[in-house]
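Contents: one structure, followed by commentary.
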Amino acid sequence: MSKTAKARIHELTEQILHHDHCYYVLDQPEISDAAYDRLFRELQELEEAYPQLRLPYSPTQRVGGKPLDEFAKLKHGLPMLSLANALTEEELFAFDERVHRFLDLSPKENLEYFCELKFDGLSINLQYQDGLLISAATRGDGEVGEDVTQNIKTIRSIPLKLDTPSPPRFIEIRGEILLPIKDFDQLNEEQLSRGQKTFANPRNAAAGSVRQLDASIAASRPLTGFFYGMGSSQGVKFARMSEFEDQLEAWGFRVGKNRRVCEGASAVLKFYREIEKKRDSLPFEIDGVVVKLNRLDHLDRAGAVSRSPRGMIAFKYPPRQESTTIEDIIVQVGRTGALTPVAIVKPVRLGGATIRRATLHNQDEIDRKDIRIGDRVLIQRAGDVIPEVVQVIFESRKGNEKKFKLPNACPVCESPVERKPGEAVARCTSRNCIAQLKERLRHLVMKDALNIEGLGEKIIEQLVDNGLVRHPAELFQITKTDLLELEGFADKSSQNLIDAIANARSPELYRLIFGLGIRHVGEATAKNLARSFGSMERLIQSQEAELLEVDEIGPEMARSVVEYFSHPENRHELESLLKLIRPIVPKKVSAGSALAGKTLVLTGTLPNLSRSDATRLIEENGGKVSSSVSKNTHYVVAGEEAGSKLEKAQALGVEILDEKGLLSLIGRG
Ligand code: IVH
């Protein structure tokens, strides 16, 4: 009996996976829903009777297990990079020119570009071992993401097993998880009727669904995905992007149908315009087209700059515009006290989202555009940014519209408002303004800063409004008893928040620097500052001249840092904070380090070190990792399947090391 059960389980598994593919990928079901359900139920029953016979890629395993407490971290085999943007035709041609230069090709020669849609979703990295899906991770910081395997398995267009008898030993497949617009609308309606919060746009809805600890919620959302990229791999090689995507399709992935090899930038432009015409009739959101060198040896040779491949670009569409009416203008107070006038508009759909507010930036903008309450206006929204009012539709003016002036007193704390000469922004002059405090706290606990999970806007409001947190340090002194007094807190939720806060007590130094919310200091700058100064104490003492020596720091940032620490209130706030949290200091690089002043290039797969481990090791020893080989390269570290970079190194006579050679160079051999 068990032999026939085994054969039947195998047969049913394969059949159901096939029908999933027909229905969810090809959009061409071959059997009725009822017939599909029968197959599914038969498989479930057999698997229940013979659990040991269940195949690891069984479709019954798509449902997801117990809800998780938190997501595990998962390291990508190769980093997930981002894309540089082109916003105009000129920028596209400039990109084409740049690529020619990097590849040392005559501008007359047309490059072969692979063009496809830029899906506006959540990027994901799938790992397949011997053809079976073993993990799925979000992008995270590009190196390490969150393990969302349980949720991703519920997406039935994603193959649990590659459709081939000879799969690669290992491969990372990258793509975008999306929620189609129609399903997004329906989801929001359901959320409303259940009294739950609605999502701002399809991308947020997709991201929110994938990042559910309870996989049954993800399973209930009609998510889908498109795939387009490869990370690390063993046992496969492709010559062209077009060939790779055809293979993806053959393996059973959903790949955008709108894809084309274009000869030269003019052909790319033609593709871009064709897609623009189709954009509104697509069932999902796109925000541009992606243009990639089709020849993978070219792509590799072009290398990368600041985490974006030089041989690819996102050619974006201009922001969508819509008209609506301004019902009111309110004033928001930001982290640094800046007063921002915001238009409350009649809700309007724009690029897959419902817009209710749009920024007016500042008083000068309002005056320049002559915006009044009651005006019919054009608003626009580009990607993730806050929607803005572009212009008034003057033909619609009736005459009863009301002019607006920013108040002279802060709308929250009533302190005087000041506008420095030469600045467009008016600011609340009080340091004790609770609106500012709330914003400062929000910034401090953000994902890229102290990353205190579960401490959202609402809870910050509660903590501040109830007087529990009067300055950032007090966040680290809240007790469970404090929380239990607040509305909406139960035993478990209080404990979770207390734990999350406790976990944030030893952040990496750059996270704290970024979290302070110093004007002009973003995450990348914070990293550079942390690396150069090595401690908060040294950064506090820094002078403008010293700051200007730091990588990528210009005069405006340098001035802003000095100015920030020149305020006794800021110093005092930070000192109290440093009594309760202890930032981790990056390893120091001394001038005598083995690789000080040396530039290295990594290529191929090293036997033991992942690419990011090797990078970290090199950087810890004072070296710099670059993505392309030139005469300024000191060493190329080559592993298995090293490609054109190795050839170039040989041609230029650059010294070549293997993993062992690298380790012995830094005294770890
Ligand atoms: S290729 C180096 N192709 O856009 C990254 N990305 O803005 C290579 N995206 O992180 C990505 N559609 O999440 C590529 N057809 C497409 C894409 C695409 C959407 C996303 C991807 C990437 C982001 C960059």
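The values are calculated or read from the model by the stated rules, or taken from the named source; none is laboratory data. In this text the structure is predicted, and so the values were computed from the model without any measurement. Glycine also receives a Cβ, built like all others from the backbone with ideal geometry; neighbour counts cover every protein chain displayed. Accessible surface is based on the protein model in full, side chains and every heavy atom, while ligands, DNA and RNA are left aside. Shrake-Rupley method; radii C 1.70, N 1.55, O 1.52, S 1.80 Å.
Structure notes:
- Filter result (crowded, with 22+ Cβ neighbours inside 10 Å and touching a His at 6+ places or on another chain (Cβ under 8 Å)) within segment 141-164: Gly145, Pro159
- Of the residues making up segment 313-332, those that are within 16 Å of the ligand (Cβ to nearest atom) and in a strand (DSSP E or B) are Ile313, Ala314, Phe315, Lys316.
- Listed by first and then second residue, the pairs with beta-carbon distance under 7 Å, at least 6 apart or on different chains, first residue in segment 322-342 and under 16 Å from Ile373 (Cα atoms), second hydroxyl-bearing (Ser, Thr, Tyr) and open to solvent by less than 30 Å² (accessible area, probe 1.4 Å), are Thr340/Thr359; Val342/Thr359.
- Yes/no for Arg519 being out of contact with any strand residue (DSSP E or B) (no Cβ under 8 Å at 6 or more places or on another chain), open to solvent by 80 Å² or more (accessible area, probe 1.4 Å), outside any helix (DSSP H, G or I) and not acidic (Asp, Glu): yes
- Considering only residues in segment 607-619 that are open to solvent by 40 Å² or more (accessible area, probe 1.4 Å) and under 26 Å from the mean Cα position of the chain (by Cα), the one that is nearest to Gly235 (Cα to Cα) turns out to be Arg611.
- For segment 103-126, a tally of residues being part of a loop (DSSP other than H, G, I, E, B) and near the ligand (Cβ under 8 Å from one of its atoms) returns 2.
- Members of segment 454-504 that are in contact (Cβ under 8 Å) with a residue 60 or more places away in the chain and either in contact with a Lys or Arg (Cβ under 8 Å, 6 or more places away or on another chain) or part of a loop (DSSP other than H, G, I, E, B) (or both): His471, Pro472, Ala473, Phe476, Ala504
- The sole residue among Val425, Val392 that is modelled with pLDDT of 95 or more and hydrophobic (A, V, I, L, M, F, W, C) is Val392.
- Only listed residue being in contact (Cβ under 8 Å) with a residue 12 or more places away in the chain and over 30 Å from Ile286 (Cβ atoms), chosen from Ala358, Ala435: Ala435
- A single entry from Gly554, Gly639, Gly604, Gly643 fulfils the requirement of being open to solvent by less than 30 Å² (accessible area, probe 1.4 Å), farther than 23 Å from Asp141 by Cβ and without any contact (Cβ under 8 Å) to a residue 12 or more places away in the chain: Gly554.
- Qualifying residue in segment 61-82 (condition: away from the ligand (no atom under 15 Å from the Cβ), under 25 Å from His21 (Cβ atoms) and open to solvent by less than 20 Å² (accessible area, probe 1.4 Å)): yes
- Residue pairs whose Cβ atoms lie under 7 Å apart, separated by 6 or more positions or on different chains, with the first residue in segment 91-118 and closer than 18 Å to Asn258 by Cβ and open to solvent by 10 Å² or more (accessible area, probe 1.4 Å) and the second away from the ligand (no atom under 15 Å from the Cβ) and of a type in the set (S, T, N, Q), do not occur.
- Here Ile344 clears all of (1) touching a Leu at 6+ places or on another chain (Cβ under 8 Å); (2) surrounded by fewer than 20 Cβ atoms within 10 Å (Cβ to Cβ); (3) of a type outside the set (Phe, Trp, Tyr) except the condition numbered (1).
- Pick from segment 352-404, criterion open to solvent by 20 Å² or more (accessible area, probe 1.4 Å) and aliphatic (A, V, I, L, M), ranking: farthest from Leu339 (Cα to Cα): Ile393
- Here Ala651 does not fit the description of being of a type in the set (A, V, I, L, M), surrounded by 18 or more Cβ atoms within 10 Å (Cβ to Cβ), free of Cβ contacts under 8 Å to residues at least 60 places away in the same chain and assigned to a helix (DSSP H, G or I).
- Count - residues of segment 620-636 that are surrounded by fewer than 18 Cβ atoms within 10 Å (Cβ to Cβ) and modelled with pLDDT of 90 or more: 1
- The criterion of being outside any helix (DSSP H, G or I), farther than 27 Å from Arg419 by Cβ and charged (D, E, K, R) holds for Lys346.
- Sole residue being touching an Asp or Glu at 6+ places or on another chain (Cβ under 7 Å) and either among the small types (Gly, Ala, Ser) or modelled with pLDDT under 95 (or both), chosen from Gly303, Gly374: Gly374
- Residue pairs whose Cβ atoms lie under 9 Å apart, separated by 6 or more positions or on different chains, with the first residue in segment 223-238 and free of Cβ contacts under 8 Å to residues at least 60 places away in the same chain and closer than 16 Å to Leu296 by Cβ and the second open to solvent by 50 Å² or more (accessible area, probe 1.4 Å) and more than 14 Å from the ligand (Cβ to nearest atom), are Phe238/Gln247.
- Phe271 vs. criteria open to solvent by less than 60 Å² (accessible area, probe 1.4 Å), aromatic (Phe, Trp, Tyr) and closer than 30 Å to Pro59 by Cβ: no
- Within segment 302-341, the set of residues being open to solvent by 30 Å² or more (accessible area, probe 1.4 Å), in contact with a Ser or Thr (Cβ under 8 Å, 6 or more places away or on another chain) and at positive phi comprises just one member, Arg307.
- Residue, nearest to the chain's Cα centre (by Cα), within segment 136-175, restricted to residues that are within 16 Å of the ligand (Cβ to nearest atom) and of a type in the set (Lys, Arg): Arg139
- With respect to the conditions (1) open to solvent by 10 Å² or more (accessible area, probe 1.4 Å); (2) touching a residue at least 12 places away in the same chain (Cβ under 8 Å); (3) touching a Phe, Trp or Tyr at 6+ places or on another chain (Cβ under 8 Å); (4) within 23 Å of Ala72 (Cα to Cα), Leu178 lacks only one, and its number is (1).
- Out of Glu549, Glu563, sole residue that is open to solvent by 80 Å² or more (accessible area, probe 1.4 Å), at pLDDT 85 or above and touching a helix residue (DSSP H, G or I) at 6+ places or on another chain (Cβ under 9 Å): Glu549
- Test result for Val464, in contact with a helix residue (DSSP H, G or I) (Cβ under 9 Å, 6 or more places away or on another chain) and within 19 Å of Pro507 (Cα to Cα): no
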